[in-house]
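S.K.: Quick one: the structure is below, and I'll ask about it shortly.
The values are calculated or read from the model by the stated rules, or taken from the named source; none is laboratory data. A quick note: this is a predicted structure, and the numbers were derived from the prediction, not measured. So basically every Cβ, Gly included, is an ideal-geometry build from the backbone, and we count neighbours across all protein chains shown.
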Amino acid sequence: MSDPKKLYIKTYGCQMNVYDSERMAEAMGGEGYVETQDPAEADMILLNTCHIREKAAEKVYSELGRYKSLKAAKPDLKIGVAGCVAQAEGQEIMRRQPMVDLVVGPQSLHRLPELERRARGGHKALDTEFPEELKFDHLAERPRAARGPTAFLTVQEGCDKFCAFCVVPYTRGTEISRPADKVLAEARDLVERGVREITLLGQNVNAYHGAGPHGDWSLARLVWALDKVDGLDRIRFTTSHPGDMSDDLIEAHGECPKLMPYLHLPVQSGSDRILKRMNRGHDAESYLRLIERIRAARPDILISGDFIVGFPEETETDFADTMALIEAVRYGQCYSFKYSARPGTPAAERALVDATEASDRLTRLQALLTRQQHQIQNAMVGREVGVLFERTGRMPGQMVGKSDHLHAVHVTGGGISTGDLRRVRITESAPNSLGGVPIGG
Ligand code: 5AD
Ligand code: SF4
């Protein structure tokens, strides 16, 4: 038997791309490929790309440049571009980088094996359609390999919100939700293979409305059904929009034992003027009231968010409103970005804020967010938390896991193995992680 062909996948961007890369590896597994971590020995290189900001998109072209010599040395090597840059710039990629053999958009992943065969036959292959059939139903049967203790599971994809800065509605398409029984079957399969924590993914995950027995299911209903899956210990979901944070979901945060006390709820700005121009569909006050209601249901919940600074026409007063909102919320964790104009989005037509001014605002905003993150981490010292251990650490005998609140926790000793869920007393707070000691056996 000949050696299996080797596939190298490099993943950029969000967790949904991580999930998609796993699905592509499985689909190519059905074609006789095994994964490698070394591009130099690959027969096929796939870049799973992100288009959200200009910097992310440009990385693709510099990465492709690096593979030129590999392709020259091994003409049989096939190079593919997948993900959101593929969707947005398909033809342009082929034009700028003629060594690219195939381009596949996020909604056509299931057609990857067929595209690979076309590419092997010496043809250029491009598929950036939004096909009628749901890709989820066509992806290869999973090989029943063991898995680590955590997994992502896409339940919803696409977005109908059309925030003025965002490419997602164009690259991932309109919102679709997977049927509840399909999601539950995939969750049970993951649990049988060793998974104890599942993060449900969607660009707008709390707008989930999948077909289920007796009509459409909300995300809360799905969470409650997952709560009953034996062997599954933890449930998370991301990313949510404030406009879709329904009462039943808030209630689940108070009552569902397996739903973790962490919520990623981006607000982007604290200025009503800018929120309106962003087409966010909510104002600062309604967001703050929502946070209050969530905290009333689950007082120890850790809130995380996303911010964009330097959105067109943002003034120092608008920025001060954002800082005030951050002060009021007290975030445990945040991602913040300088506005990046994206082709095809409404905001791309508008005048930019001075670049130095925008950088200065980002620095001030990040300083505040870091301070809040540390305050919340420091407040964990002395507390007892659940930790799911995911891997060995750098120090001898050290294990690293995630707390219920998604803090990285380092523990030494205690006979802990990967996949163990243990109670840990937090003893120290480092810049980006916590340290602790296991309690009991
Ligand atoms: N510029 C900067 N940041 C952006 N995001 C989305 N689009 C842009 C853009 N054009 C950020 C938002 C979003 C996160 C995933 O990326 O904060 O929540
Ligand atoms: Fe983009 Fe707004 Fe949709 Fe989030 S809600 S994916 S920021 S358009």
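S.K.: Taking segment 27-42, which residues are out of contact with any strand residue (DSSP E or B) (no Cβ under 6 Å at 6 or more places or on another chain), part of a helix (DSSP H, G or I) and buried (at least 17 other Cβ atoms within 10 Å of the Cβ)?
M.R.: Answer for segment 27-42, where residues must be out of contact with any strand residue (DSSP E or B) (no Cβ under 6 Å at 6 or more places or on another chain), part of a helix (DSSP H, G or I) and buried (at least 17 other Cβ atoms within 10 Å of the Cβ): A27, G29.
S.K.: Would you mind telling me which numbered condition in (1) in contact with a Pro (Cβ under 9 Å, 6 or more places away or on another chain); (2) within 20 Å of Q377 (Cα to Cα); (3) surrounded by fewer than 18 Cβ atoms within 10 Å (Cβ to Cβ) L290 fails?
M.R.: Result: L290 passes all but (2).
S.K.: Would you point out which residue out of V104, V167 is closer than 17 Å to A27 by Cα, of a type in the set (A, V, I, L, M, F, W, C) and crowded, with 16+ Cβ neighbours inside 10 Å?
M.R.: On the way: V167 fails: closer than 17 Å to A27 by Cα.
That would be V104, the only listed residue that is closer than 17 Å to A27 by Cα, of a type in the set (A, V, I, L, M, F, W, C) and crowded, with 16+ Cβ neighbours inside 10 Å.
S.K.: Of the residues D248, D233, which single one is more than 16 Å from ligand 2 (Cβ to nearest atom), acidic (D, E), modelled with pLDDT of 95 or more and within 24 Å of G386 (Cα to Cα)?
M.R.: Only one candidate passes the filter, namely D233.
S.K.: Looking at R236, is it surrounded by 18 or more Cβ atoms within 10 Å (Cβ to Cβ) and more than 18 Å from the chain's Cα centre (by Cα)?
M.R.: no
S.K.: Within segment 293-316, count every residue that is under 26 Å from V167 (Cα atoms), surrounded by 14 or more Cβ atoms within 10 Å (Cβ to Cβ) and either without any contact (Cβ under 8 Å) to a residue 24 or more places away in the chain or among the polar types (S, T, N, Q) (or both).
M.R.: Qualifying residue count for the region: 1.
S.K.: Using beta carbons and a limit of 6 Å, which pairs, at least six apart or on different chains, have the first residue in segment 50-64 and within 16 Å of ligand 2 (Cβ to nearest atom) and the second one modelled with pLDDT under 90?
M.R.: C50/A56; H51/A57
S.K.: Okay, next question. Please find, among E114, E141, the residue that is more than 25 Å from K59 (Cα to Cα) and at pLDDT below 85. Walk me through how you get there before you give the answer.
M.R.: Details: E114 fails: at pLDDT below 85.
That would be E141, the only listed residue that is more than 25 Å from K59 (Cα to Cα) and at pLDDT below 85.
S.K.: Which residues, taken from segment 278-305, are within 16 Å of ligand 1 (Cβ to nearest atom) and touching a Phe, Trp or Tyr at 6+ places or on another chain (Cβ under 7 Å)?
M.R.: Correct list: M278, N279, I303, S304, G305.
S.K.: Out of all the residues in segment 371-394, is one or more modelled with pLDDT of 95 or more and either more than 30 Å from R234 (Cα to Cα) or within 16 Å of ligand 2 (Cβ to nearest atom) (or both)?
M.R.: No, the conditions are met nowhere in segment 371-394.
S.K.: Name every residue in segment 161-196 that is of a type in the set (S, T, Y) and either within 16 Å of ligand 1 (Cβ to nearest atom) or over 19 Å from N279 (Cα atoms) (or both), in order of residue number.
M.R.: Correct list: Y170, T171, S177.
S.K.: Also: What number of residues in segment 262-273 are crowded, with 21+ Cβ neighbours inside 10 Å and more than 16 Å from ligand 1 (Cβ to nearest atom)?
M.R.: Here the count works out to 1.
S.K.: From the set of residues in segment 306-338 that are touching a Lys or Arg at 6+ places or on another chain (Cβ under 9 Å) and within 11 Å of ligand 1 (Cβ to nearest atom), which is farthest from K402 (Cα to Cα)?
M.R.: By that ranking, first place goes to P312.
S.K.: Please go through segment 372-419 and pick out each residue that is of a type in the set (A, V, I, L, M, F, W, C) and touching a residue at least 60 places away in the same chain (Cβ under 8 Å).
M.R.: Answer for segment 372-419, where residues must be of a type in the set (A, V, I, L, M, F, W, C) and touching a residue at least 60 places away in the same chain (Cβ under 8 Å): I376, L388, F389, L406.
S.K.: From the list D354, D321, which one is free of Cβ contacts under 8 Å to residues at least 24 places away in the same chain and more than 24 Å from A430 (Cα to Cα)?
M.R.: When all the criteria are applied, what remains is D354.
S.K.: Only one of G158, G65, G83 is exposed (fewer than 12 other Cβ atoms within 10 Å of the Cβ) and either under 24 Å from D38 (Cβ atoms) or touching a strand residue (DSSP E or B) at 6+ places or on another chain (Cβ under 7 Å) (or both). Can you tell me which? Talk me through it step by step, then tell me what you get.
M.R.: Working: G158 fails: exposed (fewer than 12 other Cβ atoms within 10 Å of the Cβ); G83 fails: exposed (fewer than 12 other Cβ atoms within 10 Å of the Cβ).
After ruling out the rest, the residue left standing is G65.
S.K.: What residue, of I45, I93, is buried (at least 18 other Cβ atoms within 10 Å of the Cβ) and either within 16 Å of ligand 2 (Cβ to nearest atom) or in a strand (DSSP E or B) (or both)?
M.R.: Exactly one residue qualifies, and that residue is I45.
S.K.: Six or more apart or on different chains, Cβ under 6 Å: which pairs go from a residue in segment 230-241 that's within 11 Å of L421 (Cβ to Cβ) to one that's part of a loop (DSSP other than H, G, I, E, B) and modelled with pLDDT under 95? Could you list them?
M.R.: Close Cβ pairs (under 6 Å, with a partner that is part of a loop (DSSP other than H, G, I, E, B) and modelled with pLDDT under 95) do not exist here.
S.K.: Please enumerate the residues belonging to segment 23-38 that are without any contact (Cβ under 8 Å) to a residue 60 or more places away in the chain and under 22 Å from the mean Cα position of the chain (by Cα).
M.R.: A25, E35, Q37
S.K.: Just to be sure I understand the filter: pairs with C-beta atoms under 8 Å, separated by 6 or more residues or on different chains, first member in segment 154-175 and farther than 21 Å from F237 by Cα and more than 8 Å from ligand 2 (Cβ to nearest atom), second member in a loop (DSSP other than H, G, I, E, B) and of a type in the set (V, I, T). Which pairs pass?
M.R.: From residues that are farther than 21 Å from F237 by Cα and more than 8 Å from ligand 2 (Cβ to nearest atom), the pairs are A164/T345; Y170/T345.
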